[in-house]
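Take a look at the structure below.
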Ligand code: SF4
């Protein structure tokens, strides 16, 4: 061992363990806490001491947050907020409203932590109506952690197709493995352990803990945030970590200790059905007597959002390479956007694109300014050496991914057996880290494709069907 170990100035009584630097990193990751002294020195620790130190440091952190939160809260909202009677009425009215108005979603008819976890992951960034189409099918095929962990990722992605944000499915699969190996197939009850599962963030962990295990922890999704902000007439822009921390703290203060799961779900449901983004239906709201935003006629203007990141426009080239009845596809690597999914070769038409530069035909030797499909067609003919009528411009495809607004020029290139390997080798060099395969048109239906690729595959099927009939 390179560095001499030091004894901590406290008795290491009940564990006697020495935390290796790796374990220490895991521990501090788990608790989001570390002090420079502990990082620098390789101490031996007692878990009891570690627990005390963690509580001390987290109390300090919370005291600091609370102090700045309180001043911000006092500045923005009225004196009613935080009063015990006000909170009591809030809990009673909200939970009472939920008891009679809750929508009968399938995930509300169970207390199975696995089923609740799957629903919470599916509901991330996705509308309830969409999730309702996928959830029963998914649970029928994967009724428990073990069936999900043992299934091939391909199959999970295929079942996920259409729900979007495929990384969620990959994380779900990884988390199922972890639950099986580390927790014997049971979702852990402790919040820090739930939070450590792949794909489970602050919101999802607390939703599982409160709904499945009845723990008194808050949730704060977009709907809850809107209700909360309007109730207290919070006029600061939201989306900054400081204001977000404050809202989390208020939500934690409000959660009903008797019915935390119902309280949290009621906040979300109220936000999605009554306290909607535009024109909240205040006359139907169970909290109208308590709502400061409504009283000040400010509710419709809240929440005030932080400025959005600017939209980035991008051009792409998508190539549908057909040889006999097979198409060249590539699979995105795990860490990439769309990791694990298959797609037609598509590359951005930017200056650093592998389509341009040395080793390419003269038309592609330097990046053009605004890419015009005629120039691109000419360049692609040079690149492939194919006959004029082998290349067809099928038009443009527009789609959005996060802040990107993408316009893809889609070309269909029919390759002879002779040209096939030469062109596919050249295209393979554009993304050497990705898996490539020639996939038959029938098999395309069973493959987990990206959303734009699925649309193109459907269009291609119609095109070939039309040609066959002609
Ligand atoms: S009274 Fe209106 S603004 Fe206030 S919580 Fe209810 S719906 Fe939202």
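Overview of values
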read-out: Options 349, 355; residue that is modelled with pLDDT under 70, buried (at least 19 other Cβ atoms within 10 Å of the Cβ), closer than 23 Å to residue 400 by Cβ and in the same structural domain as residue 428 (by TED's automatic domain parsing); value: 355
read-out: Count - residues of region 281-338 that are at pLDDT 90 or above, assigned to a loop (DSSP other than H, G, I, E, B) and either at positive phi or within 16 Å of the ligand (Cβ to nearest atom) (or both); value: 11
read-out: Those residues of region 216-243 which are more than 20 Å from residue 290 (Cα to Cα) and in contact with a strand residue (DSSP E or B) (Cβ under 7 Å, 6 or more places away or on another chain), in sequence order; value: 237, 238, 239
read-out: Scan of region 391-445 for residues that are assigned to a loop (DSSP other than H, G, I, E, B) and more than 32 Å from the chain's Cα centre (by Cα), ordered by number; value: 416
read-out: Count of region 239-280 residues which are more than 15 Å from the ligand (Cβ to nearest atom) and surrounded by fewer than 19 Cβ atoms within 10 Å (Cβ to Cβ); value: 11
read-out: From 386, 420, residue being out of contact with any helix residue (DSSP H, G or I) (no Cβ under 9 Å at 6 or more places or on another chain) and buried (at least 17 other Cβ atoms within 10 Å of the Cβ); value: 420
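The values are calculated or read from the model by the stated rules, or taken from the named source; none is laboratory data. Everything numeric here is computed off the predicted structure, so don't read it as measured data. All Cβ positions, even for glycine, are placed from backbone atoms using ideal geometry, and neighbour counts span all protein chains on display.
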